[in-house]
Amino acid sequence: MPKVNLMRVFGVICAAALVLVTAVSYISWQVNDIEDSVLRLHIVANSDSDEDQALKLKVRDEVVERCGFLFENCVSAEQSIKTAADNIGFIKYVAEQVITENGYNYDADCQVTQCSFPTKQYERPGDGVVSLPRGEYNALNIKIGAAKGKNWWCVMYPPLCFVDGVASVPDETDELLKSQLTASEYELITESDRPEIKIKFKIAELLGGQQD
């Protein structure tokens, strides 16, 4: 029976571990870069009652419609975050006006902060999807009243908030994503069904899950 060269086996194991650690570290860096390239909108309802959930959607519609113009000329997530912070008073006014007009006296707590988001998919032009892995994203966060109800979210930058029902990625937003991310990052979120990319995306989700 041939002798096992323990040092050689140990070396192979160490080399494999190093490759794995390097790959995970690289994917972690990609996830962080993706998170930093996006500004999301997060709205939390007062409660799960039908009335409060309906109010949440009305606040969503008005904020997207009346505040969306603020972000039209933004060319980066960083600029969008600053724009949201600089106009937080107006955004709060819009949200609370909707609340008051619908007969409620809830406050709207509006701030730019980091929030945990689950994995979300958006349809791309033609075939395929954009899949944003779960994790901690910068968000325009609007809490209505006690903020104990189900939440709703979309992407303010690049703009994906104006679509209701089936979430989809318009051509200009797809181009923005492509310009803001590296080729491998863009591949990670747009080709997550490919076997070799699927493994990377699963790792990305696990890394994002560690931040919840």
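The values are calculated or read from the model by the stated rules, or taken from the named source; none is laboratory data. Given the structure is predicted, the values throughout are model-derived calculations rather than measurements. FYI the Cβ positions are ideal-geometry reconstructions off the backbone, even for glycines, and counts take in every protein chain you see. Protein only, heavy atoms only, side chains kept; ligands, DNA and RNA dropped before computing areas. Shrake-Rupley method; radii C 1.70, N 1.55, O 1.52, S 1.80 Å.
Mind listing whichever residues of segment 63-75 are within 20 Å of the chain's Cα centre (by Cα) and surrounded by 15 or more Cβ atoms within 10 Å (Cβ to Cβ)?
V63, V64, C67, L70, F71, C74
Given the options Y93, Y104, Y122, name the one that is open to solvent by less than 10 Å² (accessible area, probe 1.4 Å) and hydroxyl-bearing (S, T, Y).
Selected residue: Y122, the only one of Y93, Y104, Y122 that is open to solvent by less than 10 Å² (accessible area, probe 1.4 Å) and hydroxyl-bearing (S, T, Y).
Filter segment 53-80 for residues that are in contact with a Lys or Arg (Cβ under 9 Å, 6 or more places away or on another chain) and not in a loop (DSSP other than H, G, I, E, B) and give the result.
Q53, K56
Can you confirm whether segment 187-195 contains a residue that is within 30 Å of E62 (Cβ to Cβ) and modelled with pLDDT of 80 or more?
No, that holds for no residue.
Could you list, in sequence order, the residues of segment 131-175 that are among the aliphatic types (A, V, I, L, M) and either under 11 Å from the mean Cα position of the chain (by Cα) or modelled with pLDDT of 85 or more (or both)?
L132, A139, L140, I142, I144, A146, A147, V155, M156, L160, listed by residue number.
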